[in-house]
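K.L.:
Before we start, here is the structure in question, set down as structure tokens.
The values are calculated or read from the model by the stated rules, or taken from the named source; none is laboratory data. Source: prediction; values computed, not measured. FYI the Cβ positions are ideal-geometry reconstructions off the backbone, even for glycines, and counts take in every protein chain you see. Just so you know, the surface numbers come from the protein's heavy atoms only, side chains and all, with ligands and any DNA or RNA stripped out. Shrake-Rupley method; radii C 1.70, N 1.55, O 1.52, S 1.80 Å.
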Amino acid sequence: MSEIRLAAETRTEFGKGAARRARRAGLVPGVVYGHGHAPVHLNLPGHDLMMALKTPNALLVVPIEGKDEYVLPKAVQREAIKRTIEHVDLLLVKRGEKVTVEVPVQAEGELAAGGNLLEHVLQALPIEAEATHLPEALTVSVEGLEAGASVLAKDIVLPAGVSLAVEADAVVLQVIAAQAAPVEADAEAEGAEA
């Protein structure tokens, strides 16, 4: 995963009025915390932050007190209707440090014939990995799986240096048989013919 650099400026004003002024200027208020340091309040460029957060578990580089620091998005608050970013909490991480994050699971391949359906029991898989080497997604082959088959967390091939942060027997994907047409529809069709 590549680093995404964001320009950031330290916030000196706090409260609703200051946050509204920052948002009108195209900035997003945020806070950086972790490693026992006092929280640092920042204003981040709104558009650049929105684009960076399209990548799951984006590793961001922001200047804090004149030094570039690595941060991971921990919580993102969005406006209810427009879905614009209102505030972001960032977790300070160090190179080589192990962190626990959720990585999206993507299925590839065709299921066995017969109208089977693939159910994602876990949309994202909790893993532990080095903060600067987080995978963007985990790909699982479902080629030829029959109804009733399932893919467990332990069945997913993980990149080097990545370990599961969930039980190995947790079901991630399962194949279910497609349901037949409702019986009521057949009864109505027969009644119309009579």
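K.L.:
Quick one: Cα convex hull volume of the chain, Å³ per residue?
P.N.:
Once divided by residue count, the hull of the chain is 182 Å³.
K.L.:
If you roll a 1.4 Å probe over the heavy atoms of the protein chains, what accessible area per residue do you get for the chain, in Å²?
P.N.:
Computed with neighbouring chains in place, this is 59 Å² per residue.
K.L.:
Could you sort out which of 98/154; 74/98; 74/94; 74/154 sit more than 24 Å apart by Cα distance in this structure?
P.N.:
Violating the 24 Å limit, Cα to Cα: 74/154.
K.L.:
In whole percent, how big is the carbon plus sulfur part of the accessible area of the chain, probe 1.4 Å, protein atoms only?
P.N.:
51 percent
K.L.:
Okay, next question. Report, by chain and number, residues whose modeled amide H sits under 5 Å from the one on residue 140, excluding near sequence neighbours (fewer than 5 apart, same chain).
P.N.:
106, 107, 108
K.L.:
OK, next. Residue 4 to residue 21: extension gain in nm, 0.36 nm per residue of separation minus the Cα-Cα distance?
P.N.:
Using 0.36 nm per residue and subtracting the Cα-Cα distance, I get 3.6 nm.
K.L.:
Add +1 for every Lys or Arg and -1 for every Asp or Glu among the other residues with Cβ under 13 Å from the Cβ of residue 149, and state the total.
P.N.:
Residues near residue 149 contribute -4 overall.
K.L.:
Calculate, in nm to one decimal, what residue 143 and residue 120 gain on full extension: separation in residues at 0.36 nm each, minus their alpha carbon distance.
P.N.:
Extra length from residue 143 to residue 120 when fully extended: 6.8 nm.
K.L.:
Identify the trypsin sites (Lys or Arg not before Pro) of segment 1-63 meeting these criteria: DSSP loop state and at most 16 other C-beta atoms within 10 Å of the C-beta.
P.N.:
Counting only loop positions with at most 16 other Cβ atoms within 10 Å, the trypsin sites (Lys or Arg not before Pro) in segment 1-63 are 54.
K.L.:
DSSP loop (so not H, G, I, E, B), at most 12 other Cβ within 10 Å: list which GluC sites (Glu not before Pro) in segment 1-71 pass both filters.
P.N.:
The qualifying sites are 13, 65.
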